[in-house]
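Down below is the structure, laid out as structure tokens.
Readers should treat all values here as calculations from the given coordinates under stated rules, not as data from a laboratory. None of the values given here were measured: they were computed from a predicted structure. Backbone-built Cβ (ideal geometry, glycine too); neighbour counts: all protein chains shown.
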Amino acid sequence: MKEFTCIICPRGCRLTVDDNMNVTGNTCPRGKQYAISELTNPVRTITSSVRVNNRDDLLVSVKTSGSIPKGKIFEVMDEINKLSVSAPTRIGDIVKKDILGLGVDILITKNID
Amino acid sequence: MERFDVLIIGAGVTGAMIARNLAKYDIKVALLDKENDVGNLTSNANSAIVHSGYDPVPGTNKAKFNVLGNAMFDQICDELDVSFSRVGSLTVALYDEQLKILEDLAKRSKENGVKVELLNAEQVKKMEPNINPCVKGALFAPTAGIVDVFNFVVHAVENAVDNGVKLFLNQKVTSINKEKDYYVVKTDKETFESKMVINAAGCFADKIAEMVEPIDWKITPRKGEYFVLDHYKAGLVNHVIFPLPSEKGKGILVTMTTSGNYLVGPSSELDEDPSDYTTDPMTLRNVRAQASEMVPSIPFNQVIRVFAGSRPTCTRHDFVIEYSKKDKYFINVGGIESPGFVSSPAIGEYVVEQLVKPVLSLKEKKDFNPRVRRYHRLYSAMNDGDYKFVNEHENYSEIICNCEKVTLGEILDALDRSVPPQSVKALKRRTRAGYGRCQGGFCQPRVVLILAKHYGVSPLEINYDGEFSPILLKKIKEGK
Amino acid sequence: MRTVDLLIIGGGSAGMAAAIQAKKEGIDDILIVERDEHLGGILNQCIHNGFGLTEFKEELTGPEYLSRFVKQVEELKIPYMLNSMVISLTKDKIVTISNKEEGVLEYKARAIIMATGCYERSAGAIQIPGDRCSGIITAGTAQKYLNIHGYLCGKRIVILGSGDIGLIMARRLTLEGAKVICVSELMPYSNGLNRNIAQCLNDYNIPLYLSRSVSKVIGKNRLEKVILTAVDDKMQFIPGTDMEIECDTLILSVGLIPYISLLDYIDCPTSSTKGAKVNEHMETMIDGIFSCGNCLHVHDVVDFVTDEGRLAGHGAAMYLKDQLQKGDAINVLPKDGIGYVVPQQIDRNNQEDVTFKFRVRRPVKDMNLIIESNGQLIAKIFKPVLIPSEMVMVKLSKDKLPLLGEEVSLRLEER
């Protein structure tokens, strides 16, 4: 038996998973999926930012294109911290492909002219 | 090393006024302060009242300088471009037995040469609709006023510096020694030489005086805590509202400020440590209770800030304004507690004309300019309905502080003057950026970047207040 | 003086949604006035994800969410003015704007929508006891320094207040290299969403202390330590429960307040939300002046801000087309257990469904929400869980409106 708070939506359901991987407490199928993933391979999407070279004291926001293993968060952050871009930037621009070989990219999430 | 004629220790309101009066003469004047801005301590945290002078004991320095100083404010605030308004004060009696005390105060006022009027309950209620309806009467002093204390000191020093006074900040005096015919004043950073020294060190004046000789007076700092309310609506009070004075001081007052905020306080606690600016919930609760007794409807949910100030109360119960016992080239100006602010122009004039002049030969400068360069503010333009200057000058319509409507132009102007702000707080004092209801929540990042750019330093080096009070601790993602 | 049909003050989520809606309903002469150098408001600095689940059925970051509305504003060719602050306002809807390039301008508007957002309760406002040192900062300001400019306000941080901004900042600061020592909450429950406690605190082993607050801040120049003290059920500090924590920064996430200083100019009545009092069209008590989003009441989810913006845009469009026939007002009253309800009035002549938005005073379970008027039950809705941090919406169908007397009240009753 394990308990989690679902992080999929603002509702934040209390999920319970028993030893046979039966999930209760979820109000939608995504909750069930989340609970199982949390037990087997917990993953997170990361948002952060990278410095804009050609602007004073300005960052542009980025995110991982998909989920990464929870245990890799700080390694991915170390890589993100090394990145920088030049303005203009467009949402969806790829700053770094396949970060740490995890199969996800680092994408720009903000338009800066 | 350049030798000064007069060196003033302390750039609070007293030192500022002495410096400005000395600037009229053709001598070399140095003004020192241990803080990174002028008027940073007692002059910064007080009730911002230009007292009428009804309260000091007749015949004292306090009574004399208060009354003289009060009369000087119209001209001086005009010259220094500082907000000042003679709103009048009401000292209210809430119980029948207090009416007798009001009569005594009225007599005292007469002796001090202060115009006052005794009002009955109906008259008071008419003037102050929000006063406690149990009010029995009040002493009305029409000459009392409110003043922008921050800019009064800043502009006075600016005017002194514009007229040749040299300002040295971040200089904490550590020793004073008399050589043949001059003093050597050592600070934690430098050594100064001056023929004459004037001690205007506020809460630290006794410590400075003792560097020269034993003294028979002592400063016992008295801490006062205040509430600042937002300027959301006019008319909570229309005058400065005082309770009856006690041996602890003038009591907890309720007043509006020149910026339209309301100020409630101060408490009055003896405090050994003159650098203690902590606030405490119990004390504030007491302030609140006492103020509410006079004005029951004070909206304390509109409090945007609380602060504490330290008053340099003196064991002599009066201002000390005199030569050192052994040498006329050292002057002590100490114990300048309330009514010190209002007295300062008169003290400045007296010190220079009556104490310095007999000792040093003073020749008037031909080109002394009593005025500071005019200040322009979007907020004043709004009140005047005249946007000519704003529209004709770059940056005066780019708002940085939303709450107080402070523009980039006003900030750059403050930075371009002869006493430029070195910290976020110093800038806030001059321009009001960050003084509003959000307390800098929105504008502080912009202010920090503007200061960093102006001084050509990293934002990490911008202090909130004094040295070693940075706002930011680390730059992240330095990139390549 | 220039004229405009609809002037919208604030170009954040609420303002943009209002503009888009009004435009779609045929109002062409619109101007959005935005103080910042781009549209989007505070979402620009909310770089975390979790926005747009209702609106777009996907999880977006703040900047991505706002960009979709900016795109619509551009496509619909709705005029907007950046770097511009409205500095005053009259009941006759004369608006004075201070614009960076053009100076001070005056507009006469036929209708106005206030969408000015909210501000953070400051250290001064909550009267934190102790020293006046640097290192005490509100969460949103710390967020701007971190996410927009790239500076950490501290290295060892205590967060006071467990609202969502505080929780989100705990994670952001941790990811960017700071040590968040703990989050302390005065109330016996968190004011943030459960999922934020899970993904922002639990994921990074950041402890959350409930019923504990800062009793003193200590620091000569920069903050050196804070004292966290437990509080009893009357919110009084309990002696002997001090925790002394060495830290260089105290971040405050202690509440948001509608930013409505402009309303002071027009004597606009306000409600217990600290925003303007409005009717079901989001019209304030001043004719033709509407209000929506966080300057009306503080929302928990941006999608609801967007919705409310549309409602105000719709109301303003009807007003401008002379379709708002005003009748008597039905007062809406929050009673037992309900903190506030928006709108505070319903117009008797209203022809549309009305949505009540409310918050409860304290966390409760198994409650019936009772809507009643003149002692008559209008609706009874079962609510298994209600918490103060969550805004709740209930719709009252237009057919029920004729049943209402001079006032209608909402209250909670145990099932």
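Remarks
- Proxy reagent accessibility, fewest Cβ within 10 Å first, across C:ARG132, C:ARG68, B:ARG437: C:ARG68, C:ARG132, B:ARG437
- For segment A:47-108, taking Cα atoms only, Rg and Dmax work out to 11.3, 34 Å respectively.
- Cα-based reach from A:LYS63 at 12 Å (exclusive), listing aspartates and glutamates while leaving out same-chain residues under 8 positions away: A:ASP93, A:ASP105, C:GLU59, C:GLU64
- Relative contact order (%) - chain C, alpha-carbon pairs under 8 angstrom, separation at least six: 16
- Other-chain or far-sequence residues with amide H under 5 Å of C:ILE8's (modelled H): C:LEU31, C:ILE32, C:VAL33, C:ILE113
- Sum of side-chain charges, B:GLU79 neighbourhood, beta-carbon under 13 Å (Lys, Arg +1; Asp, Glu -1): 0
- For segment B:378-461, radius of gyration divided by Kirkwood radius, i.e. Rg to Rh on alpha-carbons: 0.97
- Over the Cα atoms of segment C:122-254, the radius of gyration divided by the Kirkwood radius equals 0.94; this is the Rg/Rh ratio.
- Ordering B:ARG373, B:ARG311 from the fewest to the most neighbouring beta carbons within 10 Å gives B:ARG373, B:ARG311.
- Sites B:GLU97 and B:ARG374 - FRET efficiency at Förster radius 60 Å, r taken between beta-carbons, to 0.05: 0.70
- Antiparallel bridges, percent of DSSP beta bridges restricted to segment C:1-103 (to nearest 5): 55
- Between segment C:18-69 and segment C:196-217, the C-alpha centres lie 31 angstrom from each other.
- Shape category assigned to segment C:43-160 from the gyration tensor of Cα positions, a/c cut at 1.5: oblate
- For the listed residue pairs A:LYS96/B:LYS477; B:LYS250/C:LYS216; B:LYS186/B:LYS425, the alpha carbons are over 22 angstrom apart in B:LYS250/C:LYS216; B:LYS186/B:LYS425.
- Its Cα gyration tensor gives the protein assembly as shown an equivalent ellipsoid. The semi-axes, each the square root of 5 times an eigenvalue, are 53, 34, 28 Å from largest down.
- Reach of B:LYS357 by Cα under 18 Å, taken over aspartates and glutamates that are not fewer than 8 positions away in the same chain: B:ASP5, B:ASP26, B:ASP181, B:GLU322, B:ASP327, B:GLU349
- For segment C:122-254, the relative contact order comes to 33 percent (Cα pairs under 8 Å, sequence separation of at least 6).
- Proximal lysines to C:LYS91, defined as alpha-carbon separation beneath 16 angstrom and excluding residues fewer than eight positions away on the same chain: C:LYS108, C:LYS277
- Couplings 3J(HN,Hα) for segment C:187-195, derived from phi with the Karplus relation 6.51 cos²θ - 1.76 cosθ + 1.60 (θ = phi - 60°), are 7, x, 9, 7, 9, x, 5, 4, 5 Hz, where x marks Gly and Pro.
- Compactness of segment B:168-316 is given as radius of gyration and Dmax, 19.9, 63 Å, from Cα positions.
- A simple count of charges around C:ILE148, restricted to other residues whose Cβ falls under 11 Å of its Cβ and scoring Lys, Arg +1 and Asp, Glu -1, yields +2.
- Pairs exceeding a 30 Å alpha-carbon distance, out of C:LYS144/C:LYS179; A:LYS97/C:LYS71; A:LYS72/B:LYS475; B:LYS207/B:LYS366: B:LYS207/B:LYS366.
- Overall shape: oblate for chain B, with the ratio a/c of the largest to smallest alpha carbon gyration tensor axis at 1.5 or above and b/c at least equal to a/b.
- Annotation: amide H of B:LEU253 within the under-5 Å range of B:GLY265, sequence separation 5 or more or interchain, hydrogens built in the peptide plane.
- Each residue of segment B:314-320 was assigned a 3J(HN,Hα) from its phi angle through the Karplus curve 6.51 cos²θ - 1.76 cosθ + 1.60 (θ = phi - 60°); the sequence is 10, 5, 7, 6, 7, 5, 9 Hz, with glycine and proline shown as x.
- Under-5 Å amide H pairs with B:LYS178, H placed in peptide plane, nonlocal only: B:VAL184
- Cα-based Kirkwood hydrodynamic radius, chain C, one decimal, Å: 22.6
- ³J(HN,Hα), Karplus 6.51/-1.76/1.60, whole Hz, each residue of segment B:250-261, x for Gly, Pro: 7, x, 7, 9, 10, 8, 8, 10, 5, 8, x, 6
- Compared with the alpha-carbon gap, the fully stretched path from B:GLU394 to B:LYS166 is longer by 79.0 nm at 0.36 nm per residue.
- Fully extended contour minus Cα-Cα distance, from B:ASP273 to B:CYS134, at 0.36 nm per residue: 46.1 nm
- For chain A: rounded, prolate or oblate by the Cα gyration tensor [a/c cutoff 1.5]: prolate
- Sorting C:GLU244, B:GLU398 by the number of Cβ atoms found within 10 Å of their own Cβ, with the fewest placed first, yields C:GLU244, B:GLU398.
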